[in-house]
Amino acid sequence: MTAQFWPSHVVMEVRGASKTYLSGANEVKALTDMTLALKSGELTGIVGPSGSGKTTFLMIAGLLEPPTTGTVHFRDQPIANASTRLNNLRDFRRTHVGFIFQKANLIPFLTAVENVQIALEINDVRPKQAKARARELLAQFGLDHRENNYPSQLSGGEQQRVSIARALANDPVLLLADEPTAALDGSRGRQVMEVFRTLADVHRVAVCVVTHDPRWSDIFDRIVEMSDGRVVEVRPGGAMKARLQI
């Protein structure tokens, strides 16, 4: 039987990007001439040892850091290069990109529901609607009973789930996640990864996840392996293999 696919398009593409940092008097090259496109409806996993450039790629693709050389394109239009002032793209990031960091980075004096709600209100969603959406997202991650707790009253895993809900609040077209399941047990981690799978399949979001966890290989469409700031291999993940009946 022929595999069926929804049409997809490139949402964000990093082209020929390198990133160099100064460490004292020395230059450290975190990324070298990397090109990678993130497509709608695709769940991409990025793997590799620590220091291989995975997080640096996410920061550049998410418009949080400029490349030293190379360009970033959104829907085939150039949006960032070495000279771009990324503060000018703050509103664009807020409405188009969701970012999940290794640490939850919740606002300590806001409750769980308020931490999600504020992401919507910044985008001019009315407070009543923003709170309803925030509560819906927290319930999706099994946190409806914790919505009025402050971050200090939540476990590390619960804080991370709140941060994931916050990243999804504004329905981003691109979702970037840096080790999103590191603080979660197997069951909760699987739940989060299945939400990412649904976002790609149903809502056509381009999702890119950096992970060290081999348990999620069956959920990815594509696995990109990095080493020393370069892509060394791109291979189909379990979801793509299932579609192709490999």
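Brief remarks follow.
- Any chance residue 130 is at pLDDT 95 or above and under 16 Å from the mean Cα position of the chain (by Cα): no
- Of the criteria (1) under 16 Å from the mean Cα position of the chain (by Cα); (2) open to solvent by 60 Å² or more (accessible area, probe 1.4 Å), which one residue 75 fails: (1)
- Within segment 188-246, the set of residues being within 18 Å of residue 54 (Cα to Cα), acidic (Asp, Glu), surrounded by 13 or more Cβ atoms within 10 Å (Cβ to Cβ) and modelled with pLDDT of 90 or more comprises 221, 225, 228.
- Of all residues in segment 5-18, those satisfying the criterion of being in a strand (DSSP E or B) and open to solvent by 20 Å² or more (accessible area, probe 1.4 Å) are 10, 13, 15, 16.
- Complete set of residues in segment 78-102 that are open to solvent by 40 Å² or more (accessible area, probe 1.4 Å) and either small (Gly, Ala, Ser) or in contact (Cβ under 8 Å) with a residue 60 or more places away in the chain (or both): 82, 83, 94, 95, 96, 101, 102
- Residues that are open to solvent by 60 Å² or more (accessible area, probe 1.4 Å) and under 21 Å from residue 178 (Cβ atoms), drawn from segment 122-154: 140
The values are calculated or read from the model by the stated rules, or taken from the named source; none is laboratory data. Small disclaimer: the values here were computed from a predicted structure and weren't measured. Using ideal geometry, Cβ is built from the backbone for each residue, glycine included, and neighbour counts are taken over all protein chains shown. Please note that ligands, DNA and RNA were not included when accessible areas were found on the heavy atoms of the full protein model with its side chains. Shrake-Rupley method; radii C 1.70, N 1.55, O 1.52, S 1.80 Å.
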